[in-house]
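The values are calculated or read from the model by the stated rules, or taken from the named source; none is laboratory data. Here the structure is a predicted model, which is why all the values come from computation and not from measurement. In this analysis, Cβ positions are derived from the backbone assuming ideal geometry, glycine residues included, and neighbour counts consider all displayed protein chains.
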């Protein structure tokens with residue numbers, strides 16, 4: 001009887017789908033999108049703090065901007081971008097699409113959750129700085145991930 005159950009159990013486990021909510025090890029293109037600008041506002045920079053993310057490549061850096069990406073020996077990381085002159089500030093966010101290729105090392109989180117002894121940070125949280133001085137919070141509605149294995153061709 002044991003001989004019959006083991007192959008059936010092994011077949012059932014092999015055909016079971018992986019945990020759908022677990023994106024660890026997958027790569028994505030990161031974009032900043034869906035931020036409403038007010039009249040005469042332009043994007044001048046952004047900062048995104050990340051948790052459990054490897055920055056694999058910077059895919060698109062808008063003209064006149066500088067980017068920095070990376071982390072340290074902890075799961076904490078950072079992606080920053082800044083326009084260096086007024087003429088390079090962005091009037092829309094099309095230039096901030098597919099800016100980085102990232103790999104998730106941890107399950108994605110969109111809100112901080114208290115845990116024993118501390119806080120589990122969100123996967124991505126940050127701000128977009130606008131020319132008016134306004135800072136817009138970046139999170140699940142504005143930091144977008146699209147499955148990808150490589151950067152798209154240059155624009």
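Brief remarks follow.
- Here residue 97 does not fit the description of being out of contact with any strand residue (DSSP E or B) (no Cβ under 7 Å at 6 or more places or on another chain), surrounded by 12 or more Cβ atoms within 10 Å (Cβ to Cβ), closer than 24 Å to residue 36 by Cα and at pLDDT 95 or above.
- Among (1) at positive phi; (2) at pLDDT 95 or above - the single one residue 117 does not satisfy: (2)
- Residue tally, condition surrounded by 12 or more Cβ atoms within 10 Å (Cβ to Cβ), over 18 Å from residue 81 (Cβ atoms) and either more than 14 Å from the chain's Cα centre (by Cα) or modelled with pLDDT of 90 or more (or both), over the stretch 133-155: 1
- Hits in the stretch 100-109 - residues which are surrounded by fewer than 20 Cβ atoms within 10 Å (Cβ to Cβ) and either at pLDDT 90 or above or in contact with a strand residue (DSSP E or B) (Cβ under 9 Å, 6 or more places away or on another chain) (or both): 103, 105, 106, 108, 109
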